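*Asks:* Attaching a single structure in structure tokens format; questions to follow.
The values are calculated or read from the model by the stated rules, or taken from the named source; none is laboratory data. Note that the structure is a prediction, hence the values are computed from the model and not measured. All Cβ positions, even for glycine, are placed from backbone atoms using ideal geometry, and neighbour counts span all protein chains on display. Keep in mind that these areas ignore ligands, DNA and RNA; they rest on the heavy atoms of the full protein, side chains included. Shrake-Rupley method; radii C 1.70, N 1.55, O 1.52, S 1.80 Å.
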Amino acid sequence: MGTLGWAARKLGGALVVLWLVATAIFIGIRLIPGDPAEAIMGGPGSQASAQALAAARAEFGLDQPAAVQYLMFLGKLARLDFGTSYALKRPVTDVMAEVLPKTIILALLALAAAWALALLFAALAMRANRFGAWLGGMVEIVAAAVPHFWLGAVLIMVFSSALGWLPAVDNGTAAGLVLPVLTLALPLAGFLTQLMRDSLATAMSSQFALAARARGESRLAVFWRHGLRHASLPALNLTGWAFSSLLSGAVVVEVIFARPGLGRSLLSAVLARDIPMVTGLALFSALVYILVMALTDAVQRAIDPAGAAS
Amino acid sequence: MQRNQRARRLLSSAAAFGIASIVLAGCSSSSGTGSAQDATPVSGGTLVYASGDAEPSCLDPHVGGNYPQALVASQYLESLFTKDSEGKIIPWLAESTEVSEDGLTRTITLREGITFTDGSELTAQAIKANIEHLQDPNTASSTGYLAVGKVDQVKVLDERTAELKLSAPDNALLESLSMPWTAIQSPAALERDQATNCAAPVGTGPFKVQSWEHQQAVNLVRNENYVPPVADPSRTQPTAYLDGITWRFIPEAATRYAALASGEVDVIDNAQPDTIASAAQGGTLGHLDAPRPGASNRLELNSSKAPFNDAKVREAFIRSVDVNAGITSLFFDTAKRSYSLLSSVEPLGISDEALFTADPAKANSLLDQAGWTERDADGYRAKDGKRLSVTFPVSTNQSVPAEQSLFEQFQASAKAVGFEVKIELLDLSSWYGALAEHDYDLVSAPYTKVGPSVLRILYHSDSTVPAPSGYFANNAQVKNPALDKLLTEAEQTDDEAQRAQLYAQAQKIVLEGYYVLPLYDQQNHFLYGAQVKGMGATTSVSSPIYTDVFLAK
């Protein structure tokens with residue numbers, strides 16, 4: 001199959017996914033309690049008059065039948081019109097342009113840090129003795145299992161409150177990024193190391209590794225040139241998934257470290273029943289996910305054409 | 001007069017000793033260590049404030065009207081009236097006020113020489129523009145809108161005098177006009193579109209909004225032309241020492257406290273009981289305890305349906321729980337137990353401790369008398385095969401973790417006498433939804449307002465009628481014609497003593513009817529670093545003002 005055909009298939013699939021996500025949002029938002037008109041008029045418990053509520057309903061088309069609203073909704077999305085946030089009274093695209101880069105930077109840094117830590121763990125594990133290997137395994141399991149909110153709180157307690165090395169709140173400086181990035185990266189690093197460890201062991205004891213050793217290459221060189229390449233494939237496969245998990249982890253991390261971003265916006269939008277904001281942010285997250293998946297697919301096609309085609 | 005002279009003497013001697021912190025508009029009871037006795041005020045520096053509240057979507061407190069808006073707006077907007085340190089309403093931007101014989105015409109005269117931060121002068125036109133802004137449905141004001149509900153029309157008599165025509169006498173009007181939700185903004189600024197005004201409202205306060213980085217901070221800078229409208233000549237003029245305030249939003253309580261402890265921020269709000277207790281042990285952090293006015297925090301019992309339509313069952317529930325033990329174990333005694341419908345800062349509140357002492361034996365006998373004599377397989381009481389079960393939706397936005405734990409203690413102790421309490425933790429929208437559907441038997445709903453007229457909002461039968469949004473304030477569903485009459489008369493009388501007496505009678509009816517279980521004041525705790533001096537001044541709704549506050553070098 002040609003690259004063009006592959007791209008066309010991906011694009012078609014992406015559009016279907018986006019449509020499904022949009023539809024799920026449209027239905028989901030109508031299932032949760034709370035009157036959207038009330039959200040427009042200042043949130044729950046507001047004492048908006050009947051006239052004000054009616055005016056808000058008319059302005060946002062909420063008085064139309066559900067089918068009409070659905071078509072209007074899709075029509076606007078097709079024109080990339082995400083509307084105005086109910087709560088913030090600002091265009092959704094403006095808010096997204098503000099918060100999205102902040103979350104992407106956080107997620108990319110966390111991904112890079114997770115990979116660096118995973119490779120470090122893997123290299124250490126290879127050199128370790130029995131006890132060291134066991135200890136390393138335990139650390140990986142714990143790292144992979146801890147929830148972000150707990151890890152974030154512990155890191156603040158240790159590095160900010162006790163040692164005073166790093167700020168507890170993200171203040172826009174590089175130092176302020178360290179703890180949020182670590183909170184996101186550590187669990188992922190644990191997970192990636194676990195994935196690599198088995199295939200690394202297999203690869204290092206395989207015929208070609210032994211042959212390379214016999215040729216006189218050092219253990220470390222064999223690790224870098226042969227073992228790691230094999231071992232990292234399964235982990236690389238999951239990087240697309242990992243990135244999207246970082247985006248969801250960002251909700252927690254952005255709240256803990258008071259960092260602006262997509263996750264924090266999404267949380268407050270959901271609580272405020274801010275439909276345009278939730279729709280825009282959810283669709284954008286879906287789009288980012290699709291892009292990253294397509295990208296990892298493309299990388300895999302480049303590294304291992306046979307595997308990708310099968 | 002004599003009293004004034006004494007006050008002046010006291011103040012001048014205080015000034016000689018370098019006391020710069022005078023609680024100006026304060027109704028606060030500061031237990032802090034950071035008052036200014038130990039330092040001479042210095043100008044300069046930017047204070048970093050960390051709020052645990054959700055970031056307001058609009059910095060103009062006319063729009064919507066919640067407490068987080070009041071906290072920040074108190075720095076750049078001022079009101080016509082305020083409260084003095086004894087809880088008395090005094091003029092602020094206003095110079096004087098008069099009411100007609102029939103109580104239907106209120107005249108307000110403004111001070112001279114006060115300007116907004118856009119350079120325009122404060123004139124009577126501003127009173128008219130602001131009240132009309134509050135009453136405009138497009139503003140979507142809820143708190144301020146209610147506060148000026150009785151104002152039919154505002155007439156500008158001259159540059160400095162406005163006349164308010166009322167639909168009925170309203171002796172709570174000055175209290176209402178003291179709240180940040182009715183603060184006075186520049187009429188020219190109000191004419192901008194709402195998004196623009198929300199981003200940077202223009203007032204007369206000691207600071208002004210410079211910029212707003214969403215989800216990060218609101219940046220306030222000193223208003224260099226600030227003219228403090230000092231009502232009482234014997235008081236020290238409030239002074240803005242700080243160059244500015246960085247108003248941050250740090251939603252996570254543990255992070256907020258860590259940032260304060262490490263010196264990244266200077267002041268935090270929404271301080272939780274455990275951190276207040278540990279700060280007190282540490283001894284370096286200051287603590288400002290500023291209970292909010294209006295209603296106390298209390299459980300309301302829905303008297304419109306079974307089982308709480310029976311007063312015996314209501315009393316049984318109230319007697320079955322031990323509030324005081326919970327305040328000690330969960331709040332570390334940072335909250336003071338209330339036996340009143342009103343906040344302890346409300347001078348007209350009455351208390352009756354005897355009604356609310358825990359007494360499980362009495363609870364059991366009351367339930368026997370009320371006919372809940374069966375016990376089902378799970379140990380709960382039942383009548384005609386129906387379990388004695390009550391639903392308790394709890395808003396996670398409005399109840400701090402310590403309070404949620406307190407409610408779980410109630411659940412356990414009420415079970416001992418045979419109540420099943422079903423606690424439902426809900427987000428704010430779902431919680432309002434449950435109330436609108438009448439899907440509750442117990443509820444805790446805070447209400448902040450200056451003055452005892454909050455009693456009418458909470459307990460008059462009119463307040464059982466839902467607004468178009470489904471909202472109603474009388475959650476206890478008290479419908480009592482005698483009470484209605486008292487509350488209406490109390491609001492209209494021009495006699496202060498009679499007003500106090502009418503409100504006392506009204507409170508007695510509600511307290512003795514076991515419609516509510518008072519818990520404590522609406523908690524409003526601030527912690528601040530040792531470098532922060534002069535904390536203490538607050539508005540009438542207990543939101544701190546950062547005039548007189550300075551950062552020690």
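*Asks:* Test residue A:13 against the criterion of being at pLDDT 70 or above, over 25 Å from the mean Cα position of the chain (by Cα), away from chain B (no Cβ under 14 Å) and not in a loop (DSSP other than H, G, I, E, B), and give yes or no.
*Replies:* no
*Asks:* Looking only at residues that are within 11 Å of chain A (Cβ to nearest Cβ), hydrophobic (A, V, I, L, M, F, W, C) and not in a loop (DSSP other than H, G, I, E, B) in the stretch B:245-255, which one is surrounded by the fewest Cβ atoms within 10 Å (Cβ to Cβ)?
*Replies:* Among residues in the stretch B:245-255 that are within 11 Å of chain A (Cβ to nearest Cβ), hydrophobic (A, V, I, L, M, F, W, C) and not in a loop (DSSP other than H, G, I, E, B), the one surrounded by the fewest Cβ atoms within 10 Å (Cβ to Cβ) is B:253.
*Asks:* Then there's this: Scan (1) without any contact (Cβ under 8 Å) to a residue 24 or more places away in the chain; (2) buried (at least 21 other Cβ atoms within 10 Å of the Cβ); (3) more than 11 Å from chain A (Cβ to nearest Cβ) for the single condition residue B:258 breaks and write down its number.
*Replies:* Only one criterion in (1) without any contact (Cβ under 8 Å) to a residue 24 or more places away in the chain; (2) buried (at least 21 other Cβ atoms within 10 Å of the Cβ); (3) more than 11 Å from chain A (Cβ to nearest Cβ) is unmet by residue B:258, namely (3).
Every residue, every condition in (1) surrounded by fewer than 23 Cβ atoms within 10 Å (Cβ to Cβ); (2) of a type in the set (Val, Ile, Thr); (3) over 28 Å from residue B:530 (Cα atoms), yes or no:
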site	(1), (2), (3)
B:277	yes, no, no
B:287	yes, no, no
B:302	no, no, yes
B:306	yes, no, yes
B:312	yes, no, yes
B:319	no, no, yes
B:331	no, no, no
B:338	no, no, yes
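*Asks:* Checking the condition over 32 Å from the mean Cα position of the chain (by Cα) and modelled with pLDDT of 75 or more, which residue from A:212, A:174, A:189 passes?
*Replies:* Answer to the selection: A:212.
*Asks:* Would you please list the contacts, defined by Cβ atoms under 8 Å and residues six or more apart or on different chains, that run from a residue in the stretch B:382-393 that is at positive phi to a residue that is surrounded by 14 or more Cβ atoms within 10 Å (Cβ to Cβ) and part of a strand (DSSP E or B)?
*Replies:* Close Cβ pairs satisfying both conditions: B:385/B:374.
*Asks:* Name every residue in the stretch A:154-173 that is at the interface with chain B (Cβ under 9 Å from one of its Cβ atoms), open to solvent by 40 Å² or more (accessible area, probe 1.4 Å) and of a type outside the set (S, T, N, Q), in order of residue number.
*Replies:* A:157, A:164, A:172
*Asks:* Something else now. Among the candidates B:174, B:242, single out the residue that is more than 14 Å from chain A (Cβ to nearest Cβ), assigned to a loop (DSSP other than H, G, I, E, B) and either open to solvent by less than 40 Å² (accessible area, probe 1.4 Å) or not aliphatic (A, V, I, L, M) (or both).
*Replies:* B:242
*Asks:* Further question on the same structure: What are the residue pairs meeting all of these: first residue in the stretch B:203-225, first residue in contact (Cβ under 8 Å) with a residue 40 or more places away in the chain and within 14 Å of chain A (Cβ to nearest Cβ), second residue part of a strand (DSSP E or B) and not aliphatic (A, V, I, L, M), Cβ atoms under 6 Å, and 6 or more apart or on different chains?
*Replies:* Within 6 Å, the pairs are B:218/B:212; B:218/B:247.
*Asks:* Does the stretch B:340-362 hold any residues that are in a loop (DSSP other than H, G, I, E, B), among the polar types (S, T, N, Q) and buried (at least 17 other Cβ atoms within 10 Å of the Cβ), and which are they?
*Replies:* B:343, B:344
*Asks:* What's the number of the only condition in (1) modelled with pLDDT of 95 or more; (2) out of contact with any strand residue (DSSP E or B) (no Cβ under 7 Å at 6 or more places or on another chain) that residue B:367 fails to meet?
*Replies:* It fails just one condition, (2).
*Asks:* Those residues that are open to solvent by less than 30 Å² (accessible area, probe 1.4 Å) and either closer than 21 Å to residue B:110 by Cα or assigned to a loop (DSSP other than H, G, I, E, B) (or both), I need them from the stretch B:201-229; list them, please.
*Replies:* Within the stretch B:201-229, B:201, B:202, B:203, B:204, B:205, B:206, B:207, B:215, B:223, B:228, B:229 meet the criteria.
*Asks:* A further question follows. Looking only at the stretch B:49-69, count how many residues are open to solvent by less than 40 Å² (accessible area, probe 1.4 Å), of a type in the set (A, V, I, L, M, F, W, C) and at pLDDT below 95.
*Replies:* Within the stretch B:49-69, the first condition is being open to solvent by less than 40 Å² (accessible area, probe 1.4 Å), and the residues that meet it are B:49-53, B:56, B:58-65, B:67-69.
Pick out the ones that are also of a type in the set (A, V, I, L, M, F, W, C) and you get B:50, B:58-59, B:63.
From what's left, at pLDDT below 95: B:58, B:63.
Final tally of qualifying residues: 2.
*Asks:* In the stretch B:414-437, what residues are over 30 Å from the mean Cα position of the chain (by Cα) and open to solvent by 20 Å² or more (accessible area, probe 1.4 Å)?
*Replies:* Across the stretch B:414-437, the qualifying residues are B:415, B:416, B:420.
*Asks:* Among (1) more than 24 Å from residue A:296 (Cα to Cα); (2) within 11 Å of chain B (Cβ to nearest Cβ), there is one condition residue A:210 misses while meeting the rest; what is its number?
*Replies:* So residue A:210 meets the others, but not (2).
*Asks:* Next question. Could you look through the stretch B:462-491, keep only residues that are over 23 Å from the mean Cα position of the chain (by Cα) and part of a helix (DSSP H, G or I), and pick out the one that is nearest to the other protein chains (Cβ to nearest Cβ)?
*Replies:* B:484
*Asks:* Okay, moving on. From the list B:399, B:365, B:405, which one is out of contact with any Pro (no Cβ under 8 Å at 6 or more places or on another chain), part of a loop (DSSP other than H, G, I, E, B) and either away from every other protein chain (no Cβ under 14 Å) or acidic (Asp, Glu) (or both)?
*Replies:* B:399
*Asks:* Among the residues of the stretch A:143-152, how many are open to solvent by less than 40 Å² (accessible area, probe 1.4 Å) and within 11 Å of another protein chain (Cβ to nearest Cβ)?
*Replies:* Of the residues in the stretch A:143-152, 1 are open to solvent by less than 40 Å² (accessible area, probe 1.4 Å) and within 11 Å of another protein chain (Cβ to nearest Cβ).
*Asks:* Identify all residues within the stretch B:481-516 that are surrounded by 22 or more Cβ atoms within 10 Å (Cβ to Cβ) and modelled with pLDDT of 95 or more; write none if there are none. Write out each step before concluding.
*Replies:* Step one: list which residues in the stretch B:481-516 are surrounded by 22 or more Cβ atoms within 10 Å (Cβ to Cβ), which gives B:483, B:486-487, B:490-491, B:502-503, B:506-507, B:514-516.
Those that are surrounded by 22 or more Cβ atoms within 10 Å (Cβ to Cβ) and modelled with pLDDT of 95 or more: B:483, B:486, B:487, B:490, B:502, B:503, B:506, B:507, B:514, B:515, B:516.
*Asks:* Taking the stretch A:174-219 only, how many residues are of a type in the set (A, V, I, L, M), without any contact (Cβ under 8 Å) to a residue 60 or more places away in the chain and either surrounded by 18 or more Cβ atoms within 10 Å (Cβ to Cβ) or not in a helix (DSSP H, G or I) (or both)?
*Replies:* 5
The rows are residues; the columns are (1) of a type outside the set (Val, Ile, Thr); (2) open to solvent by less than 10 Å² (accessible area, probe 1.4 Å); (3) closer than 30 Å to residue A:62 by Cβ; (4) touching a residue at least 24 places away in the same chain (Cβ under 8 Å).
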{"position": "A:239", "(1), (2), (3), (4)": "no, no, no, yes"}
{"position": "A:244", "(1), (2), (3), (4)": "yes, no, no, yes"}
{"position": "A:249", "(1), (2), (3), (4)": "yes, yes, no, yes"}
{"position": "A:253", "(1), (2), (3), (4)": "no, yes, no, yes"}
{"position": "A:257", "(1), (2), (3), (4)": "yes, yes, no, yes"}
{"position": "A:261", "(1), (2), (3), (4)": "yes, yes, yes, yes"}
{"position": "A:266", "(1), (2), (3), (4)": "yes, no, yes, no"}
{"position": "A:271", "(1), (2), (3), (4)": "yes, no, yes, no"}
{"position": "A:275", "(1), (2), (3), (4)": "no, no, yes, yes"}
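*Asks:* With the checklist (1) touching a residue at least 12 places away in the same chain (Cβ under 8 Å); (2) within 12 Å of chain B (Cβ to nearest Cβ) in hand, flag the one item residue A:286 doesn't pass.
*Replies:* (2)
*Asks:* Tell me yes or no: at least one residue of the stretch B:441-456 is under 23 Å from residue B:207 (Cβ atoms) and part of a loop (DSSP other than H, G, I, E, B).
*Replies:* yes
*Asks:* Looking only at the stretch B:263-286, how many residues end up being in contact with a helix residue (DSSP H, G or I) (Cβ under 6 Å, 6 or more places away or on another chain), closer than 22 Å to residue B:247 by Cα and outside any loop (DSSP other than H, G, I, E, B)?
*Replies:* 2
*Asks:* To continue, here is another question. I need a count of the residues in the stretch A:77-98 that are crowded, with 21+ Cβ neighbours inside 10 Å, in a helix (DSSP H, G or I) and either at the interface with another protein chain (Cβ under 9 Å from one of its Cβ atoms) or of a type in the set (Phe, Trp, Tyr) (or both).
*Replies:* Here the count works out to 1.
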